[in-house]
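The values are calculated or read from the model by the stated rules, or taken from the named source; none is laboratory data. These figures come from a predicted structure and were not determined experimentally. All Cβ positions, glycine included, derive from the backbone under ideal geometry; neighbour counts span all protein chains shown. Ligands, DNA and RNA are stripped out before the accessible areas are found, and what is left, the full protein with its side chains, is counted by its heavy atoms. Shrake-Rupley method; radii C 1.70, N 1.55, O 1.52, S 1.80 Å.
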Amino acid sequence: MKNTVLTFKQNKEQGKKISMLTAYDYSTAKLMDEAGINAILVGDSLGNVMLGYEDTISVTMEDMIHHGAAVARGAKNAMVVIDMPFMSYQTSVYDAVVNAGRLMKEGRAGAVKLEGGKEVCAQIKAITDCGIPVMAHLGLTPQSINAFGGFKVQGKSIDAARKLIEDAKAVEKAGAFALVLECVPSKIAEMITKQLAIPTIGIGAGGGCDGQVLVYQDMLGMFSDFTPKFVKKYADLGTIMKEAFQNYIKELDSGAFPSEEHGYKIDNDIIEKLY
Ligand code: KIV
């Protein structure tokens, strides 16, 4: 069954966890969809894990549309949420609406996600007023990495925790249908989850959230540049992939691949006529 904003709402009401993973291409999205994931996030983390940038700042609208559309083609039932990249919504409400519209029309998203609290509530309201569902994102918001001074847990002091709770309430009031909480103390995430009617999706925010999201290369052991504490590895595909690549190289060297079974046949009399 197709997952929509209603699935998110119903799951929260029924205490059923919402499952979400990132994906950036058709075949991965198809596998996740077949596995029964509720939602796929085409995160701007693609800057790190797909494009090799050290942060998400350089990711463009074109990147998000290109990868988003590929994911949308592979996701039959999962809801596809596409991240609004850095400076595609912060600059003005007008830019936010136009770019959210592009992610829906060209990227075939089911919803968009943007980072920030009170300061982006006008954008959240304007986008939702156009009939585009918005997922908000608070805590460690990677597009503000330069302002934070690094990847650090957020909301640990009394003022920071209060601000986080106020921002969470503000994005809900502005119309967000769900809220990602990244790298915040579990107890604060649990408090926010209890105080909001919309579901929270945690990443490094403990088990008290209504759902969880992980970057798929992290949970499959495919990305070794940096692994945050909150990641659980469900498989070590990185090692399996490297071994497969090494075996392929070895078999090319030894002549074991390609063997006869991997080739195409032709009648001998045709070959003879060629001489
Ligand atoms: O870009 C991304 O993958 C994200 C998740 C980490 C929530 O925003």
Which residue pairs have Cβ atoms closer than 6 Å, lie 6 or more positions apart in sequence or on different chains, and pair a first residue in segment 227-256 that is charged (D, E, K, R) with a second residue that is open to solvent by 60 Å² or more (accessible area, probe 1.4 Å)? E251/F257
Please work out which residue is farthest from N3 (Cα to Cα), limiting yourself to segment 14-55 and to residues that are aromatic (F, W, Y) and surrounded by fewer than 20 Cβ atoms within 10 Å (Cβ to Cβ). Y53
Pairing a residue in segment 156-176 that is open to solvent by less than 20 Å² (accessible area, probe 1.4 Å) with any residue that is of a type in the set (F, W, Y), where Cβ atoms lie under 9 Å and the two sit 6 or more apart in sequence or on different chains, gives none
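Search segment 28-46 for residues being of a type in the set (V, I, T) and under 12 Å from V81 (Cα atoms), and hand back the single one that is nearest to the ligand (Cβ to nearest atom). Before the answer, list the steps.
First, the residues of segment 28-46 that are of a type in the set (V, I, T): 28, 37, 40, 42.
Next, only the ones that are under 12 Å from V81 (Cα atoms) stay: 40, 42.
On the way: I40: 11, V42: 8 Å.
The selected residue is V42.
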With the first residue restricted to segment 43-58 and required to be without any contact (Cβ under 8 Å) to a residue 40 or more places away in the chain, and the second required to be of a type in the set (V, I, T) and within 11 Å of the ligand (Cβ to nearest atom), Cβ contacts under 8 Å at 6 or more apart or on different chains are L46/T22; L46/V59; G47/T56; G47/V59; L51/V59; Y53/V59
Sole miss for I188 among (1) more than 16 Å from the ligand (Cβ to nearest atom); (2) crowded, with 18+ Cβ neighbours inside 10 Å; (3) modelled with pLDDT under 95 is condition (3)
Can you report the number of residues in segment 56-65 which are crowded, with 17+ Cβ neighbours inside 10 Å and over 16 Å from R102 (Cα atoms)? 1
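Each row is one residue, and each column tells you yes or no for (1) touching a strand residue (DSSP E or B) at 6+ places or on another chain (Cβ under 8 Å); (2) more than 27 Å from F148 (Cβ to Cβ); (3) more than 14 Å from the ligand (Cβ to nearest atom).
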{"position": "Y26", "(1), (2), (3)": "no, yes, yes"}
{"position": "N48", "(1), (2), (3)": "no, no, no"}
{"position": "L51", "(1), (2), (3)": "no, no, no"}
{"position": "M64", "(1), (2), (3)": "yes, no, no"}
{"position": "A75", "(1), (2), (3)": "yes, yes, yes"}
